[in-house]
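One structure below.
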Amino acid sequence: MWNPSLTMKYTLLAVAAACAFYGCAGAKIAHTDVATGAYKPKAIYVRSFIADNAPFHGHHGDSVGEHKIRKSLAPAAFSKALREQMELIAPAMVVDTDEQPTSGWLVESDIDYASAGSQTLRAIGGPLGLGHSSVKIHVRITDLDARHVALNDKDTSKGGSGNVIYEFDVSGGSSVSGAVGSIYAPGLGNPEEFDYKNAAERVYYALSIDPQRYGSHSSTSIRY
């Protein structure tokens, strides 16, 4: 006789085992070009782009006809998610392409690749990673006050006015979360908003000092 609870148990075990080998939904810093140790900006300005020829595949939106609309809105969606995370560091706002702030940090991002995967394949073989979503975003952060210089860069890397203080790639996706989903993945829903928010959160983690407060104690007393 079919036992739903037993089936769910084995499904979760399969997902856990796959996570151990392949990693679960979320995002990571895939590569870093520039890192200066800069922190405590006065303000943060966010601006995102996606090239016309950037690969944008999979089930974006609720129909094929919506695909181009979702692609055109991708920079705005990621900028919104990134602003929400950057506000945890300093006052932040999204700026248009024709706006040029003069102080603080300018956080620019290019969505290099975005695939929403396949809902059908996630339903069939999610624990194996079938139909998973994926995203790759290039992030460049410029100190508009030019207070910081990249390590080992005597000429300083420049992006607009100011010095580039951080430059790195963020990659992520739903991985093997499949139809089950999680707080980081939509299961059989649309994954793009999850992927953008996961990537934005990873940018915040990368630029913060102990953002998850590892090792924090509720009491200063030492117990033996």
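The values are calculated or read from the model by the stated rules, or taken from the named source; none is laboratory data. A quick note: this is a predicted structure, and the numbers were derived from the prediction, not measured. FYI the Cβ positions are ideal-geometry reconstructions off the backbone, even for glycines, and counts take in every protein chain you see.
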Subset of the stretch 84-99 that is within 14 Å of the chain's Cα centre (by Cα) and buried (at least 19 other Cβ atoms within 10 Å of the Cβ) - its residue that is farthest from Val135 (Cα to Cα): Met86
Pair list, Cβ < 8 Å and 6+ apart or interchain, from the stretch 191-213 residues that are farther than 19 Å from Thr36 by Cβ to residues that are of a type in the set (Lys, Arg) and surrounded by 16 or more Cβ atoms within 10 Å (Cβ to Cβ): Glu192/Arg70
Meets criteria (surrounded by fewer than 20 Cβ atoms within 10 Å (Cβ to Cβ) and modelled with pLDDT of 75 or more) for Tyr204: yes
Tabulated pairs, the stretch 68-92, first touching a residue at least 40 places away in the same chain (Cβ under 8 Å), second surrounded by fewer than 19 Cβ atoms within 10 Å (Cβ to Cβ) and of a type in the set (S, T, N, Q), C-beta under 8 angstrom, 6+ apart or interchain: Leu88/Ser208; Ile89/Ser208
Residues satisfying the stated conditions in the stretch 27-65, i.e. surrounded by 14 or more Cβ atoms within 10 Å (Cβ to Cβ) and either without any contact (Cβ under 8 Å) to a residue 24 or more places away in the chain or over 22 Å from Gly172 (Cβ atoms) (or both): Thr36, Ala38, Pro41, Ala43, Tyr45
